[in-house]
Amino acid sequence: MNNATQPVKAVSPPPCVALFVVCQGIVHLDNALHYTIFYILLCYVRPAMCFLGFIANSMSLAILKRNGLYKQSNILLFGLVIADSAYLVSGMNFAMIISYFGPNKLYPTLCGYQYEEVFDYFLQISNILINFIGTWGHFASTTIPVLITLERLLALFKPINFKALVTANKTAALVICSFVVWLPWIFLTFSSTVIYKVKLTPTVTFMLTLAQKSALISYVSVIDKYFIRNLVSFTTLAFITFGCGAIWMKMKLTLKQRRKIASSRSNSSWSPRTTRTLVLTCFVFLLVHGMASLTANLSLFYAGRCAYSLHFFLNESGRFIYPINASSSLFIYVLSNKKLYQNLKMILRI
């Protein structure tokens, strides 16, 4: 890919593909430095982050399994790690990288695939499947922290009825539902995907996936913009913020009372260590998703008001912020929970 260090020059497509989408980042980032930075981030930095995060999450799953999946808190964390891992898969999407920087393109500014038809289909199907898995994991990972917050609120404010209200089976069912509930919506959003192809030469086919316009898709776009995005961002962040604040205050008051009544510790239905782990997990979620929402809003605010490079990088920054949250579980367990840290040492035989 020799053009990684050279400015990308727009090449006019032939009439037969004039209506196809160009790679916006490629055609506008005509500055060699900007293009090189984007190339390095997308092709090396983000995949490396996601790969290392995926390995760390595999260790997290092993730790939680060793600690016991009969515990409600471990079931919630286990489901969250699976959702985060699914999202990280999308960060290693080789098909998307090829659509931007595929070698030997006849028309470099066209965003798609320009190879033999069978290979084009393989790349398109891979891209759709990987994006589907990543989107599914992203939605589920915004739902499970809500369940974690609810579980801790019940443990602290309803300690007497907690064991009856929150059982391992109920928790597992809710975690499964947090995945299943998003499937119809994701299928609906992906149902508009249509594969277009045009023969460029006898051996080269240009292939691209686009969203087909229809009345149904228009309604889906409106619902996504005004309801779904607010549901998984502002509403979720607000609930977790107030929930974690209430949990922290209640925990402080309860621990203060425990010091006065030493025997109460043995009768407690919740563990400060577990609560600390769960609250820290939600705090990292709040911090990362808050930063991602801020950069997304800044990108919308500065659209058309600043250099395209700034707008483009603000818009793409979420791709590099979300993997931080999706990869954080192992570090949270090690820092906040001595028992989980001991399990890690036993797994690694340290």
Inside the stretch 184-206, the number of residues satisfying the requirement of being surrounded by 13 or more Cβ atoms within 10 Å (Cβ to Cβ), over 16 Å from Tyr121 (Cα atoms) and of a type in the set (A, V, I, L, M, F, W, C) is 4
_Would you confirm whether or not the stretch 173-192 contains a residue that is in contact (Cβ under 8 Å) with a residue 12 or more places away in the chain, in contact with a strand residue (DSSP E or B) (Cβ under 6 Å, 6 or more places away or on another chain) and of a type outside the set (D, E, K, R)?_
yes
Among Ile332, Ile321, the single one that is under 17 Å from Phe38 (Cβ atoms) and modelled with pLDDT of 80 or more is Ile321
A careful count of residues in the stretch 112-147 that are in contact with a strand residue (DSSP E or B) (Cβ under 6 Å, 6 or more places away or on another chain) and either assigned to a loop (DSSP other than H, G, I, E, B) or modelled with pLDDT of 95 or more (or both) gives 1
Selection from the stretch 62-71 of residues part of a helix (DSSP H, G or I), touching a residue at least 24 places away in the same chain (Cβ under 8 Å) and surrounded by fewer than 24 Cβ atoms within 10 Å (Cβ to Cβ) yields Ala62, Arg66, Asn67
Just one listed residue, out of Ile160, Ile148, Ile128, Ile133, is among the β-branched types (Val, Ile, Thr), in contact with a Ser or Thr (Cβ under 9 Å, 6 or more places away or on another chain) and farther than 27 Å from Trp182 by Cβ, and it is Ile160
The residue that is surrounded by the most Cβ atoms within 10 Å (Cβ to Cβ), considering only those in the stretch 150-169 that are free of Cβ contacts under 8 Å to residues at least 12 places away in the same chain and not in a loop (DSSP other than H, G, I, E, B), is Leu165
Condition set of a type in the set (S, T, N, Q) and not in a helix (DSSP H, G or I), scope the stretch 204-237, selection farthest from Gly290 (Cα to Cα): answer is Thr205
Over the stretch 191-203, the set of residues of a type outside the set (Lys, Arg) and part of a strand (DSSP E or B) is Thr193, Val194, Ile195, Tyr196, Val198
*Scanning for something under 26 Å from Phe51 (Cα atoms), at pLDDT 85 or above, buried (at least 16 other Cβ atoms within 10 Å of the Cβ) and among the hydrophobic types (A, V, I, L, M, F, W, C), does the stretch 267-278 turn up at least one residue?*
yes
In the set Asn57, Asn3, the lone residue that is assigned to a helix (DSSP H, G or I), crowded, with 16+ Cβ neighbours inside 10 Å and modelled with pLDDT under 75 is Asn3
>> Suppose the filter is more than 19 Å from Cys111 (Cα to Cα) and touching a residue at least 12 places away in the same chain (Cβ under 8 Å); does Val220 pass it?
In response: yes
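The values are calculated or read from the model by the stated rules, or taken from the named source; none is laboratory data. Source: prediction; values computed, not measured. Note: ideal-geometry Cβ built from the backbone for every residue, glycine included; neighbour counts use all protein chains shown.
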